[in-house]
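Please read the structure below before turning to the comments.
The values are calculated or read from the model by the stated rules, or taken from the named source; none is laboratory data. Here the structure is a predicted model, which is why all the values come from computation and not from measurement. Ideal geometry is used to build each Cβ from the backbone, glycine not excepted, and the neighbour counts take in all protein chains shown.
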Amino acid sequence: MRVYVPLTLPALAEAHRTGELGTGPFVAYAVTPALREWYLSEDIEELEYAALGRAALASLRMLAADRDAARRRVVVAVDVPDGAASADPDRGLEPSALGEVTVTVTVPLAKAASVHVDADDAEADVAAAAEALEAADGGDDDAQFVVDGAEDHELLWYATQEIEHLVGRG
């Protein structure tokens with residue numbers, strides 16, 4: 001099963017240092033039944049892109065909590081064994097939990113398929129979005145517009161061999 005793990009650049013640096021993306025249980029995002037229902041598509045590439053987007057939003061939440069981290073969202077795509085990740089059926093349709101899964105195993109960073117990171121030119125919008133997130137969650141339409149501005153930036157794709165370069169920047 002392909003999962004998308006939200007991180008920050010400092011968390012990616014820590015994963016690079018330890019060789020572990022995460023030790024179970026930890027939250028990731030994947031194509032879940034609820035995400036399929038919400039996104040209304042059967043195209044697996046579109047659904048995986050939606051799961052990646054959900055993970056990017058979770059990364060933004062991590063940035064809002066870590067004011068010292070570089071203002072760039074980070075998502076690592078990794079395949080885990082079937083049964084190693086599961087969605088909570090009681091939370092599946094909650095907007096905040098769409099695509100959310102719990103990974104119950106330790107995942108070596110070496111198993112990562114790719115890394116997705118904001119470009120440098122996204123930092124100002126991502127910083128503003130991290131600041132506006134709490135107000136957006138409270139229903140402030142102007143703040144939601146700011147958060148959506150970060151989502152307008154596509155995450156760049158990096159091979160796992162480029163992680164060392166990425167963490168040297170952040």
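Figures for the structure shown
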item	result
Region 147-167 residues that are at negative phi and of a type in the set (S, T, N, Q), paired with ones that are surrounded by 14 or more Cβ atoms within 10 Å (Cβ to Cβ) and assigned to a strand (DSSP E or B) (beta carbon under 7 Å, 6 or more apart)	Thr160/Ala112; Thr160/Ser114; Thr160/Val115
Test set (1) farther than 19 Å from His165 by Cβ; (2) in contact (Cβ under 8 Å) with a residue 60 or more places away in the chain; (3) not small (Gly, Ala, Ser) - Asp90 fails condition number	(2)
Enumerated strands (runs of 3 or more DSSP E) restricted to region 70-168, each holding at least 3 residues that are closer than 16 Å to Arg54 by Cα	74-79, 100-103, 112-117
Residue, farthest from Asp79 (Cα to Cα), within region 1-50, restricted to residues that are of a type in the set (Asp, Glu) and assigned to a helix (DSSP H, G or I)	Glu37
Within region 96-117, considering residues that are closer than 25 Å to Ser41 by Cβ and among the small types (Gly, Ala, Ser), the one modelled with the lowest pLDDT	Ser96
Test: Ala65 is surrounded by 19 or more Cβ atoms within 10 Å (Cβ to Cβ) and not β-branched (Val, Ile, Thr)	no
